[in-house]
Amino acid sequence: MKLTHLILITAACASICTGCGYNNSNDDTTDKLSVAVSVEPQRYILNQLLDSSEVAISTLINPGANPETYELIPRKRMDLERSDIYLSTGVLPFEKAITTTLSIPVADSSRGITFVYGSHGESCGHSHEAGSHHHDNAPDPHIWTSVENVRIMASNMATAIARIRPEMQTILQKRLNTFNIRLDSIDSSIRRRLAHADSCFIIWHPSLSYFARDYDLEQIAVGFESKEMPAGRLRQIIDHAAASKASVFFFQQEFDSRQAKGVNDMLGSRLVVINPLSSDWEGQIDIITDALTQSHK
């Protein structure tokens, strides 16, 4: 009987110690910053500033969704409210409807960015779009497709986090400096590779307006509000693309169009699938640059 009691007491002590250990583990994670972002490229930026032991990141827009027509569902809204801070892009339509009603701090990642306005850049002379689907006073929302814009976004995000976690300011600044050096290298590589590449490309949805602006390229968009394009207008765009000798056709994963393959066949261009909403921002930029470079070989 005494041996049985001893075993029971030992097991109970072990259980208590295990419970204490579990609680201590929870205490260690309570200081982990919880950050919500709108799109996956913001996750990439945030990962350059803080590692997984310091921050937990949640993205509002699911993979494959269209950020320009996205609506926040109630479950996502509840998850968002549990975050320590929300880093918006500052340019997506759905953000305007929620940022003023949130109970958590909100920071605009786009502050200081020079926007492309109009039909995804048509007013800037570096983009030609088949059909206008943005109001002229609305900026092109794909701000993260520019290296320089990502530099600005990273600075804004670091500043916002340091505001609510002052103890992180030193490490944030150090990693921001390192990231800026990396961005310098990426930008130099792009400019070097594009020096003798095609100056014009075709795209279904005009999501590379900022990339085109930064590197003096012409973006010819053949999508029409995600609908079937009128035959006459489509013919004009195809003629323009052919005259410009554009040989690369970028197609985004979040769009599904039967017309895209037909247009590509008519142009004899090379279809390259891209995902501007990927968390592998650097990899996508490399795919885009490489496609334009290879088209000239």
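The values are calculated or read from the model by the stated rules, or taken from the named source; none is laboratory data. Bear in mind the structure is a predicted one, so any value in this text is a computation, not a measurement. Note that each Cβ is placed from the backbone with ideal geometry, even for glycine, and that neighbours are counted across all protein chains shown. Surface accessibility is based on the protein's heavy atoms, side chains included, excluding ligands, DNA and RNA. Shrake-Rupley method; radii C 1.70, N 1.55, O 1.52, S 1.80 Å.
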Per the filter on region 35-61, residues open to solvent by 10 Å² or more (accessible area, probe 1.4 Å) and not β-branched (Val, Ile, Thr) are GLU40, ARG43, TYR44, ASN47, GLN48, ASP51, SER52, SER53, GLU54, ALA56, SER58
Residues located in region 138-159, provided they are part of a loop (DSSP other than H, G, I, E, B), without any contact (Cβ under 8 Å) to a residue 60 or more places away in the chain and either farther than 13 Å from THR114 by Cβ or charged (D, E, K, R) (or both): ALA138
Failed item in (1) in contact with an Asp or Glu (Cβ under 8 Å, 6 or more places away or on another chain); (2) loosely packed, with under 12 Cβ neighbours inside 10 Å; (3) at pLDDT 95 or above, with GLY64 passing the rest: (3)
Counted residues in region 274-297 being under 16 Å from the mean Cα position of the chain (by Cα) and either open to solvent by 40 Å² or more (accessible area, probe 1.4 Å) or under 21 Å from GLU68 (Cβ atoms) (or both) come to 14
Starting from region 80-92, take each residue that is more than 19 Å from MET153 (Cα to Cα) and list its partners that are of a type outside the set (Val, Ile, Thr) and part of a loop (DSSP other than H, G, I, E, B), counting only C-beta distances under 8 angstrom and pairs at least six apart or across chains. LEU80/LEU60; LEU80/LEU72; LEU80/LEU102; GLU81/LEU102; GLU81/SER103
Among the residues of region 155-164, count how many are more than 20 Å from GLU282 (Cβ to Cβ) and either touching a helix residue (DSSP H, G or I) at 6+ places or on another chain (Cβ under 8 Å) or surrounded by fewer than 18 Cβ atoms within 10 Å (Cβ to Cβ) (or both). 5
By my count, helices (runs of 4 or more DSSP H) wholly in region 188-297 with at least 1 residues that are of a type in the set (Lys, Arg) and at pLDDT 90 or above are 209-214
Please verify whether ASP239 is within 24 Å of VAL39 (Cα to Cα), open to solvent by 30 Å² or more (accessible area, probe 1.4 Å) and among the acidic types (Asp, Glu), treating the condition exactly as stated. no
Considering only region 255-264, I want to know if a residue exists there that is over 26 Å from THR59 (Cβ atoms), touching a residue at least 40 places away in the same chain (Cβ under 8 Å) and open to solvent by less than 10 Å² (accessible area, probe 1.4 Å). yes
Members of region 74-104 that are exposed (fewer than 11 other Cβ atoms within 10 Å of the Cβ) and in a loop (DSSP other than H, G, I, E, B): ARG82, THR100, THR101, SER103
